[in-house]
Amino acid sequence: MTKKLIAGNWKMNGNLADNAALMGAVVAGLPSAEALEAAQVSVLVCVPAPYLAQVAALRGPVDLGAQDVSPQKGGAYTGEVSPAMLKDFGTRFVIVGHSERRQNHFETNELVALKAQNSLAHGLTPIVCVGETLAQREAGETEAVVKRQLAAVIHVNGHCLTELVVAYEPVWAIGTGKTATPEQAQAVHAVIRTQLQAASSNAKRIPILYGGSMNASNAAALLAQPDIDGGLIGGAALKAADFLQIVAAAQAVA
Ligand code: 13P
């Protein structure tokens with residue numbers, strides 16, 4: 001059992017006023033940093049890049065994450081953001097390979113692996129997202145798809161796997177209100193754990209998060225599964241009360 005990590009992914013939401021209100025309410029409602037540490041729970045928000053500086057100043061015991069990163073170190077890459085730039089604002093984590101980027105920006109497994117590699121090289125922890133579409137699940141391909149996505153990352157980054165976080169996010173459960181049952185999620189998390197174990201002797205310490213319509217009412221049952229080490233939360237992370245309830249659920253099972 002690893003520490004539980006409760007991560008909000010704000011996606012392309014927020015503005016200065018709303019972010020201040022959300023972070024104010026989250027920080028006010030959280031237990032102290034010491035209490036979170038005692039319960040072995042970490043809390044993270046992954047915010048749009050323009051707001052990293054704002055949220056860095058408001059974050060209290062909450063860790064700071066970004067939602068994407070360039071595979072390049074710097075230079076003539078218009079619109080890209082480098083890991084060093086993210087680090088400048090105290091960012092510790094970065095999501096790579098979210099299904100919205102795989103779908104809308106045609107990111108391949110190989111590109112995701114390079115983004116993870118560039119993050120690791122600059123001391124950022126990549127949260128590597130994997131997950132199948134509904135069509136792939138219905139075709140019985142879930143395991144193969146997830147293994148292929150993760151294999152690309154392991155192939156390139158095998159030597160520093162302990163610094164990774166993996167997030168299993170079934171595409172059909174994202175933003176749809178349809179959640180994988182705890183048993184469905186656990187089954188895939190177990191496959192991911194086994195694959196990590198084959199690559200690293202420290203695989204037990206690699207957090208595997210579940211994402212996809214996780215909310216205040218289903219979090220406890222999901223987080224109680226042996227290989228579910230936390231959540232990557234979209235919609236419910238934009239509501240302080242819901243996000244705090246998920247953190248409380250993690251404290252209760254940790
Ligand atoms: P929802 O929680 O809104 O389904 O989003 C999940 C997600 O994509 C987190 O990265």
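Considering region 209-237, the residues that are under 12 Å from the mean Cα position of the chain (by Cα) and under 12 Å from Glu169 (Cβ atoms) include one that is nearest to the ligand (Cβ to nearest atom), namely Gly234. Condition check for Asn157 on (1) buried (at least 20 other Cβ atoms within 10 Å of the Cβ); (2) modelled with pLDDT of 95 or more; (3) more than 16 Å from the ligand (Cβ to nearest atom): one failure, at (2). Has region 85-97 got any residue that is free of Cβ contacts under 8 Å to residues at least 24 places away in the same chain and under 25 Å from Ser201 (Cβ atoms)? Taking every residue of region 85-97 in turn, none turns out to be free of Cβ contacts under 8 Å to residues at least 24 places away in the same chain and under 25 Å from Ser201 (Cβ atoms).
Quick check: anything in region 102-110 over 24 Å from Ala236 (Cα atoms), part of a helix (DSSP H, G or I) and in contact with a Lys or Arg (Cβ under 7 Å, 6 or more places away or on another chain)? Yes, the conditions are met somewhere in region 102-110.
What do you reckon, is Ala20 out of contact with any helix residue (DSSP H, G or I) (no Cβ under 9 Å at 6 or more places or on another chain), among the hydrophobic types (A, V, I, L, M, F, W, C) and without any contact (Cβ under 8 Å) to a residue 40 or more places away in the chain? Full working, then the answer.
On the way: out of contact with any helix residue (DSSP H, G or I) (no Cβ under 9 Å at 6 or more places or on another chain): no; among the hydrophobic types (A, V, I, L, M, F, W, C): yes; without any contact (Cβ under 8 Å) to a residue 40 or more places away in the chain: yes.
When the stated conditions are applied, Ala20 does not pass them.
Look at (1) surrounded by fewer than 24 Cβ atoms within 10 Å (Cβ to Cβ); (2) modelled with pLDDT of 95 or more; (3) within 24 Å of Val26 (Cβ to Cβ); (4) within 14 Å of the ligand (Cβ to nearest atom) and you find that Gly175 fails only one, number (2). Pairs are defined by a Cβ separation below 7 Å, a sequence spacing of at least 6 or placement on different chains, a first member in region 228-243 that is on the phi > 0 side of the Ramachandran plot and touching a residue at least 60 places away in the same chain (Cβ under 8 Å), and a second member that is more than 8 Å from the ligand (Cβ to nearest atom) and outside any strand (DSSP E or B); the pairs so defined are Gly230/Pro207; Gly230/Ala250. All told, Gly79 falls short of being at pLDDT 95 or above and either surrounded by 23 or more Cβ atoms within 10 Å (Cβ to Cβ) or of a type in the set (D, E, K, R) (or both). Answer yes if at least one residue in region 184-196 is at pLDDT 95 or above, in contact with a helix residue (DSSP H, G or I) (Cβ under 9 Å, 6 or more places away or on another chain) and of a type in the set (Gly, Ala, Ser), and no otherwise. Taking every residue of region 184-196 in turn, at least one turns out to be at pLDDT 95 or above, in contact with a helix residue (DSSP H, G or I) (Cβ under 9 Å, 6 or more places away or on another chain) and of a type in the set (Gly, Ala, Ser).
Give region 129-178 a look and list any residue that's farther than 17 Å from Val94 by Cα, outside any helix (DSSP H, G or I) and in contact (Cβ under 8 Å) with a residue 60 or more places away in the chain, or say none. Passing the criteria: Gly131, Ile174, Gly175.
The values are calculated or read from the model by the stated rules, or taken from the named source; none is laboratory data. All values reported here derive from a predicted model rather than from experimental measurement. Glycine gets a Cβ as well: all are built from the backbone with ideal geometry, and neighbour counts include every protein chain shown.
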